[in-house]
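Read the structure below first, then the notes.
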Amino acid sequence: MKLSDYAKELGISYQTAWRWWKSGKLPHSARQTESGTIIVDYVPGINKTELKTTKAAIYARVSSSENRDNLDRQAERLTQYATAKGYQIVKVVKEVGSGLNDSRKKLEALLMASDYDVLIVEHKERLVRFGLNYIDLLLEKLGVKLEIVNLPEEPRDDLME
């Protein structure tokens, strides 16, 4: 349905719906046609209170305790990102440990939890150094979307690094 019809259906102003679209906070998927019309994938009749809020878990990691202040700043940046996306933050996990260490207790507990829909990390290296595709596939199978905030522009350059 068109964005204006969507706004009417929810009982919000068109300007609010437009701001949600521009900031990426629409609770439903939307796309813009070639003519500029914004189409929202919404089934009329669903009560506003029945809209599913995306629950987010944030994972921040640094490699050594000397970088502990960066850990707090990283978690704060990710919290701001999640809030801007309209996510409900249910967990913020901060961990100090090497990215090559495959026995990070807080990450293990986070991956075993099932109370979130999206896992947010700042850089892929904050989660794992190698095998990210496998982690992503397994999370997807569990119904969890992995969001990496800062992806490298050139994957080849990232590998060379």
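Couple of notes before you dig in:
- Selection of first residues in the stretch 54-83 that are without any contact (Cβ under 8 Å) to a residue 40 or more places away in the chain and of second residues that are of a type in the set (G, A, S), restricted to Cβ pairs under 6 Å at least 6 apart or on distinct chains, gives the following pairs, ordered by first then second residue: S63/S98; L71/A60; A75/A60; A82/A56.
- Residues of the stretch 114-134 satisfying the condition of being closer than 20 Å to V96 by Cβ and of a type in the set (A, V, I, L, M): L119, I120, V121, L127, V128
- Selected residue [farther than 17 Å from E125 by Cα and among the acidic types (D, E)] from D69, D102: D69
- For D117: the one exception among (1) at pLDDT 90 or above; (2) out of contact with any Gly (no Cβ under 8 Å at 6 or more places or on another chain); (3) charged (D, E, K, R): (2)
- In summary, T53 fulfils each of the numbered conditions (1) surrounded by 13 or more Cβ atoms within 10 Å (Cβ to Cβ); (2) out of contact with any Phe, Trp or Tyr (no Cβ under 7 Å at 6 or more places or on another chain); (3) closer than 19 Å to G143 by Cβ with the single exception of condition (1).
- Taking helices (runs of 4 or more DSSP H) as the structural unit, those lying wholly within the stretch 57-137 and holding at least 3 residues that are among the charged types (D, E, K, R) and out of contact with any Asp or Glu (no Cβ under 9 Å at 6 or more places or on another chain) correspond to 68-84.
- As for the stretch 41-49, it holds no residue that is part of a loop (DSSP other than H, G, I, E, B), surrounded by fewer than 16 Cβ atoms within 10 Å (Cβ to Cβ) and modelled with pLDDT of 85 or more.
The values are calculated or read from the model by the stated rules, or taken from the named source; none is laboratory data. The shown structure was predicted, so the numbers you read here are calculated from the model rather than taken from an experiment. Positions of Cβ are backbone-derived with ideal geometry, glycine not excepted, and every protein chain shown enters the neighbour counts.
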